[in-house]
1. For the ranges 30-42, 5-17, what's the packing order if you count other beta-carbon atoms within 10 Å of each residue, average per peptide, and put the highest first?
2. Apply the Karplus parameterisation 6.51 cos²θ - 1.76 cosθ + 1.60, with θ equal to phi minus 60°, to every residue of region 45-52 and state each ³J(HN,Hα) to the nearest whole Hz, in sequence, with x for glycine and proline.
Amino acid sequence: MYVSYDYYTESFGGSIPAEDFAKVEAAAEAAVSYLTYVNGDIFAVEDDRVKRAVCAATDVIYNSEKSSGSGKATGAAAIKSESNDGYSVTYVTEVQDGQTAEAALRKKVAEAVRVYLLPTGWLSRKVGCCHVCADCNHNL
């Protein structure tokens, strides 16, 4: 586990219950690794920005699982449109038409991670070293 529960709650300010954290954090690590694999092992060196990226991804994944766990619309969903004659209600969703829930989650995780990792070069898709150095591996 790259991020400890203590770091998540104390430094990042997260609120996931301790019993759910390990499973969700593992999924977040996998997502961050997937987004950065081209540039090497992002978890090889401990870095606060990487930890924060994992924490942000953890929150997104947990909140997604929590909101979709019931399988029905929650009370927090806003009404997008409503028709009275045939009684039709459309709720605002984060998923675009034709987009799967998994694709929407991947996009949200990537956006949350991007905030922390974009300035580091870890999200670059360039093949090979982007710096003028002999052995750059993007470790922070």
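Since every read-out is calculated from the coordinates, none of them should be taken as a lab result. No experiment lies behind these values; they were computed from the predicted model shown. Here the Cβ positions follow ideal geometry from the backbone for every residue, glycine too, while neighbour counts run over all protein chains shown.
1. Details: 30-42: 17.2, 5-17: 14.2.
Top to bottom by mean Cβ count within 10 Å: 30-42, 5-17.
2. Karplus-based 3J(HN,Hα) across region 45-52 equals 10, 6, 8, 5, 5, 5, 4, 5 Hz.
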